[in-house]
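Peer 1: The structure's right below; bear with me while I get my questions together.
Just so it is clear, none of the values below were taken in a lab; they were calculated from the coordinates. Computed from a predicted structure; not experimentally measured. Here the Cβ is made from the backbone with ideal geometry for all residues, glycine too, and neighbour counts use every protein chain on show.
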Amino acid sequence: MNNKAMFSLSYGLFVISSAKDGKKNGCITNTAIQAASDPLVLTVCINKANYTHDLVKETGKFSISVLSEEADFDLFTHFGFQSGRDTDKFADFTDYKMEGGLPVITRGTNAYFLCDVVDTVDLGSHTMFVAKIADMDVLNSVPSATYAYYHANIKPQPKKEDAPAGKVVWRCTICGYIYEGDPIPDDFICPICKHPASDFERVTQ
Ligand code: FE
């Protein structure tokens, strides 16, 4: 089985947000897709480790902010590389507005959806939330950011000066962090995005 086939799947990128009792949180996903047109239904899969997962499960409501090609790496760092379990991601973040009681990100996004959960499916690592669209709007005409666009244009690219030519290092495929050394320890966790050693690739610079 060639796991690299997974890289051929195409995705958009989104901030999924939810709120309960004044506590707001959001996380980055690549899993929002339209599932039906009549009624308008979409699905989002959220990792159970994410605090947003629990908020969505408890409230049955979430928003999807569609990330555009104007989204900067700071936005991914803010919503994707830290946990709402120990950080209030909206405490020092002002680029959002409240719609229907849910945060909608207004920076680096081009559209949003407000969703009501109608069904859930336990998928192991993730829960699939099946939701009806309560409201949606377009914010601007900037193209949506795909996962491929993120890798090519948004995440930091490895710099040549990071290591001498010919040196073998391990590069995080999620955020671009360089681990100096070879091999990379099995239990290594990326200090920037918290992804495991299995998401690193061995590269010769
Ligand atoms: Fe990383």
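Peer 1: Hey, what do the phi angles of the range 16-32 turn into as Karplus ³J(HN,Hα) couplings, whole Hz, using 6.51/-1.76/1.60 and θ = phi - 60°, x for Gly and Pro?
Peer 2: Couplings: 9, 10, 8, 8, 8, 6, x, 8, 10, 8, x, 9, 8, 9, 10, 10, 7 Hz.
Peer 1: Give the long-range amide H neighbours of Leu102: residues separated by 5 or more places, or on another chain, with amide H under 5 Å away, using H modelled in the peptide plane at 1.01 Å from N.
Peer 2: Those lying under 5 Å, H to H, from Leu102: there are none.
Peer 1: Of Gly80, Gly108, Gly124, which is the most mobile in a GNM of the chain whose springs link Cα atoms less than 10 angstrom apart?
Peer 2: Evaluated over the chain, the most mobile residue of the options is Gly124.
Peer 1: Compute the distribution of all C-alpha to C-alpha distances in the range 27-87, in bins of 5 Å from 0, and list the percent of pairs in each, rounded to whole numbers.
Peer 2: 4, 15, 24, 25, 18, 10, 4, 1
Peer 1: Across the range 136-146, in residue order, what do the Karplus-derived ³J(HN,Hα) couplings come to in whole Hz, using 6.51 cos²θ - 1.76 cosθ + 1.60 with θ = phi - 60° and x for Gly and Pro?
Peer 2: Working through the residues one at a time gives 7, 7, 9, 9, 6, 9, 5, x, 5, 7, 8 Hz.
Peer 1: When the Cα atoms of the chain are enclosed in a convex hull and the volume is divided per residue, what value in Å³ results?
Peer 2: So the per-residue Cα hull volume is 143 Å³.
Peer 1: From the phi of every residue in the range 80-91, what ³J(HN,Hα) in whole Hz does the Karplus formula 6.51 cos²θ - 1.76 cosθ + 1.60 yield, where θ is phi - 60° and glycine or proline is x?
Peer 2: Values, residue by residue: x, 10, 9, 9, x, 5, 10, 9, 8, 5, 9, 5 Hz.
Peer 1: Taking the simple approach of a point 7 Å from Cα along Cα-to-Cβ for both Leu40 and Met6, what is their distance in nm?
Peer 2: 3.2 nm
Peer 1: List the residues whose amide H sits under 5 Å from the amide H of Ala134, counting only those 5 or more places along or on another chain, with H placed 1.01 Å from N in the peptide plane.
Peer 2: Leu114, Cys115, Asp116
Peer 1: Okay, moving on. Amide H to amide H under 5 Å from His126: which residues, 5+ apart in sequence or cross-chain, H placed 1.01 Å off N in plane?
Peer 2: Here the answer is Lys48, since their amide H atoms fall under 5 Å of that of His126.
Peer 1: Which links in Lys57/Lys155; Lys23/Lys89; Lys61/Lys97; Lys23/Lys57; Lys24/Lys57 stretch past 20 Å when you go from one Cα to the other?
Peer 2: Lys57/Lys155
Peer 1: Given labels modelled 7 Å from the Cα in the Cβ direction, how far is it in nm from Ala197 to Ile33?
Peer 2: A separation of 3.2 nm, rounded to one decimal place.
Peer 1: What does the helix-only formula give at 222 nm for the chain: each DSSP H stretch with n ≥ 4 adding -39500 (n - 2.57), the total divided by the residues, and the result rounded to the nearest 500 deg cm²/dmol?
Peer 2: Details: 2 runs with 17 residues, N = 205.
The per-residue figure over the chain is -2500 deg cm²/dmol.
Peer 1: If each residue's Cβ is checked for other Cβ atoms within 10 Å, how do Ser17, Ser83 rank with the fewest at the top? Display every interim value, and only then the final one.
Peer 2: Working: Ser17 29, Ser83 14.
Ascending Cβ contact count within 10 Å gives the list Ser83, Ser17.
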